[in-house]
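Report on one structure; see the data block that follows.
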Amino acid sequence: METIIRKISNTIEDAENFRIAGNIIKEGGLVAFPTETVYGLGGDALNPASSQKIYAAKGRPSDNPLIVHIASMEDLAAIVKEIPDTAKKLADAFWPGPLTMIFEKSDLVPRETTGGLETVAVRMPSDPAALAFIKEAGGYVAAPSANLSGKPSPTSAKYVEQDMLGRIEMILDGGDVEIGLESTIVDLTSEIPMILRPGYVTKEMLEACLGLVDLDKTMMNKDTGAAPKAPGMKYRHYAPKGDLCIVEGDNEKVVSYINEQTTRLETEGKKVGIIATDENKDKYSAKIIMSAGSRTREETIAHELYRILRKFDDLDVAYIYAESFDTSGMGQAIMNRLLKAAGHKVIHV
Ligand code: TXA
Ligand code: MG
């Protein structure tokens with residue numbers, strides 16, 4: 001299949017591109033599009049065949065449900081059984097934006113879209129291009145991240161092309177995304193709202209709005225014995241080609257441990273890459289060092305993480321060492337993704 005690629009340029013031509021993209025969705029095809037979190041791989045959420053195509057294009061297990069993207073609050077009622085007060089409060093505070101909420105689904109939503117579940121995940125993104133596209137597509141766009149299953153989520157159209165060229169009908173290229181990590185997922189069907197995936201909207205922000213909020217315990221620990229409540233979180237994810245290890249402990253010890261490992265591996269002729277911070281980047285001896293940004297600005301670290309993992313893949317880095325981050329605020333989302341990318345390989349020094 002030939003994939004049409006169109007740049008979104010904030011000009012009059014965009015309207016035509018959104019119309020073309022919308023028609024592809026209405027006809028059962030797939031379009032990748034930018035959102036403020038990561039690029040999405042969109043299909044008609046109400047068409048079972050479209051959802052099946054999404055799973056096939058991604059190489060994703062079909063028990064892993066998709067998020068339904070909407071462009072207006074009026075469109076929510078038709079796809080859910082009821083809208084709890086908690087959802088109204090969260091929508092007021094965080095929609096459009098990087099928050100996904102889980103509801104009981106209505107009969108309009110096919111099981112193919114929800115991976116067989118009776119619940120549906122819904123998000124209203126804030127990216128104007130995403131909103132314009134969803135409207136043209138009929139209002140309900142099912143979209144996982146636009147990467148091949150297991151790879152880091154794409155934060156620019158270049159990486160969507162790498163994974164999806166020839167597999168989908170169209171890519172809307174909106175340049176670099178704003179946030180760089182997937183949305184926060186909160187389940188509103190349990191008595192106490194529960195975070196199933198941490199993100200830019202933090203636990204603290206949700207609690208300020210709702211009071212008590214739980215975090216699915218499987219999120220940050222490997223060995224709780226329980227399956228994660230978001231089915232997708234059980235799969236290996238965001239994984240770079242190289243062997244990724246997180247090093248935690250006293251800062252100077254972390255730096256010297258990483259430098260010792262680098263010397264050993266580079267002497268053996270292996271390619272080593274470091275995921276560093278601005279505070280430490282000049283202390284490393286490795287040939288390939290990429291800083292994700294300053295520890296004082298966690299949003300830059302979130303923004304750079306997947307880009308660096310993809311960059312290390314491009315460079316065929318065989319061993320990757322990453323510094324560790326605090327798990328308060330946005331750090332929770334950063335460490336959640338980093339731990340998954342590392343297959344929970346952490347060394348304490
Ligand atoms: O930021 C985002 O959320 C991006 C952009 C494109 O919007 N999308 C995204 O989709 O990250 P995806 O498919 O890569 O991740 C969706 C996650 C999976 O872990 C899935 O298991 C979970 O949401 N999920 C979806 N529906 C669910 C449901 N009904 N109950 C529990 N978890 C659900
Ligand atoms: Mg994903």
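General observations
- Relative contact order %, the stretch 61-149, counting alpha carbon pairs below 8 Å whose residues are six or more apart: 45
- Backbone geometry of the stretch 113-118 corresponds, through the Karplus equation with coefficients 6.51, -1.76 and 1.60 at θ = phi - 60°, to 3J(HN,Hα) couplings of 6, 9, x, x, 7, 8 Hz, x marking Gly and Pro.
- Cβ-defined net charge surrounding GLU279, 14 Å radius [Lys, Arg +1; Asp, Glu -1]: -3
- Amide H contacts of LYS7 (H built 1.01 Å from N, under 5 Å, at least 5 apart or other chain): ASP173
- Rounded, prolate or oblate (a/c below 1.5 giving rounded, otherwise prolate when a/b exceeds b/c) for the stretch 124-252 by Cα gyration tensor: oblate
- Taking all protein chains as shown and a probe of 1.4 angstrom, HIS348 keeps an accessible surface of around 130 Å².
- Highest mean packing comes first when the peptides 273-282, 4-13 are listed by Cβ atoms within 10 Å, giving 273-282, 4-13.
- The shape of the stretch 1-43 comes out oblate: with a ≥ b ≥ c from the C-alpha gyration tensor, a/c is at least 1.5 while a/b does not beat b/c.
- Length-normalised contact order of the chain in % [C-alpha pairs under 8 Å, at least 6 apart]: 19
- For the stretch 135-174 versus the stretch 1-43, the inter-centroid distance based on Cα atoms is 9 Å.
- Cα gyration tensor shape for the stretch 55-132, rounded if a/c is under 1.5, else prolate or oblate: oblate
- With the convex hull drawn over the C-alpha atoms of the stretch 182-257, the volume per residue is 148 Å³.
- Of the peptides 78-89, 312-323, the ranking by mean beta-carbon count within 10 Å, highest at the top, reads 312-323, 78-89.
- Close amide H contacts of VAL80 (hydrogens built in the peptide plane, cut-off under 5 Å, sequence separation of 5 or more or a different chain): SER106.
- Protection-proxy order for peptides 186-193, 172-179, each taking the mean of Cβ atoms within 10 Å per residue, highest first: 172-179, 186-193
- Relative contact order [Cα under 8 Å, 6+ residues apart], the stretch 126-276, whole percent: 15
- Above-threshold pairs, the threshold being 28 Å between Cα atoms, out of LYS58/LYS203; LYS58/LYS234; LYS158/LYS281: LYS58/LYS203
- Probe 1.4 Å - accessible area at ARG111, Å² to nearest ten: 120
The values are calculated or read from the model by the stated rules, or taken from the named source; none is laboratory data. Note that the structure is a prediction, hence the values are computed from the model and not measured. Ideal geometry is used to build each Cβ from the backbone, glycine not excepted, and the neighbour counts take in all protein chains shown. Keep in mind that these areas ignore ligands, DNA and RNA; they rest on the heavy atoms of the full protein, side chains included. Shrake-Rupley method; radii C 1.70, N 1.55, O 1.52, S 1.80 Å.
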